[in-house]
Ligand SMILES: NC(=O)c1ccc[n+]([C@@H]2O[C@H](COP(=O)([O-])OP(=O)(O)OC[C@H]3O[C@@H](n4cnc5c(N)ncnc54)[C@H](OP(=O)(O)O)[C@@H]3O)[C@@H](O)[C@H]2O)c1
């Protein structure tokens with residue numbers, strides 16, 4: 001079967017022919033139709049999980065994937081052949097990911113059925129970015145009318161987070177440059193801030209002199225996050241998805257939050273995909289790219305919503 005692999009940490013991703021994976025007891029084999037691309041794929045290719053998980057090489061990349069159950073290992077009870085499913089294809093040993101025609105996953109992993117009416121390609125865009133956005137909103141308990149600044153709003157996580165914060169009743173300020181501002185407004189942002197015309201902190205301080213309640217930051221390194229945190233009122237909330245928050249410094253100002261590590265669990269994925277099926281959340285797919293062109297989009301910058309590989 002065709003797959004996108006790296007032959008060692010740091011190697012350039014390439015399309016390769018790999019053996020068909022066999023489902024062991026309690027596992028299912030999924031014929032993948034689509035796979036969502038995340039910044040994490042590039043990190044894994046360069047060894048982010050080296051020392052934390054065993055890896056097999058050539059390592060098949062990709063975490064998010066959706067398709068159809070093609071065969072069952074012994075004892076599988078939750079799924080049957082033909083079910084449409086979406087999940088996170090990252091279990092030890094790493095290296096058997098979703099950028100492939102087939103992949104195997106234990107039935108108890110993050111793997112859920114796709115409701116009728118949700119296209120498989122749409123489902124594939126959800127697991128990592130969508131569930132992270134939902135975890136952030138769940139952890140924060142936004143009150144209606146609170147002001148939420150989202151920095152890095154135009155990418156995968158941000159495109160879901162703008163919607164979910166808006167649904168929770170927040171007044172959402174989203175960073176966006178150029179034409180991406182319109183998309184943020186359509187997704188539910190009340191205001192946009194172009195980070196290329198001046199510091200976000202200064203622009204938001206000018207329009208919100210009393211401060212903001214919540215900062216979700218998806219891109220800023222520690223120093224920039226510290227500066228943006230001065231916008232947040234004492235007692236507010238700050239989350240970073242890239243480990244930039246100093247939880248000690250936040251607590252000193254009675255600010256809750258810190259560094260978010262999304263658990264990416266099946267329960268949350270089910271909830272989110274149901275909201276998509278109900279029409280409450282849309283899945284902004286910027287580009288659908290054939291598997292053969294996948295190596296060029298892994299680690300690419302300037303995302304607008306999600307990029308999905310069509311397999
Ligand atoms: N901790 C966790 O559990 C977890 C889970 C998911 C993701 N993450 C991490 O969270 C980060 C965001 O993920 P993602 O999937 O949303 O990434 P993404 O799709 O690449 O989106 C990042 C967005 O930020 C924009 N951006 C870049 N620099 C910016 C700046 N200085 N100010 C404002 N916006 C800026 C980019 O667009 P332009 O450059 O065109 O402006 C892009 O739209 C990644 O580092 C990812 O690895 C962590």
The range 97-143: number of residues that are more than 19 Å from the chain's Cα centre (by Cα) and closer than 16 Å to residue 274 by Cβ: 3
Residue check, residue 279 in a loop (DSSP other than H, G, I, E, B) and either touching a helix residue (DSSP H, G or I) at 6+ places or on another chain (Cβ under 9 Å) or within 13 Å of the ligand (Cβ to nearest atom) (or both): no
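Can you pull out every residue in the range 203-223 that is within 14 Å of the ligand (Cβ to nearest atom) and farther than 17 Å from residue 176 by Cβ?
Passing the criteria: 221, 222, 223.
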Of the residues in the range 124-167, those that are closer than 16 Å to residue 186 by Cα, more than 13 Å from the ligand (Cβ to nearest atom) and without any contact (Cβ under 8 Å) to a residue 40 or more places away in the chain number 1
Take the residues in the range 224-242 that are touching a residue at least 24 places away in the same chain (Cβ under 8 Å) and in a helix (DSSP H, G or I), then tell me which one is nearest to the ligand (Cβ to nearest atom). 228
Quick one: which of 105, 111, 136 is closer than 30 Å to residue 173 by Cβ and in contact with a strand residue (DSSP E or B) (Cβ under 8 Å, 6 or more places away or on another chain)? 136
In the range 123-201, which strands (runs of 3 or more DSSP E) lie fully inside it and hold 3 or more residues that are closer than 18 Å to residue 240 by Cα? 147-151, 171-175
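Coordinate-derived values only; no laboratory data. In this text, all values refer to a predicted model and were calculated from it rather than measured experimentally. Don't worry about glycine lacking a Cβ; one is built from the backbone with ideal geometry, like all the others, and counts go over all protein chains shown.
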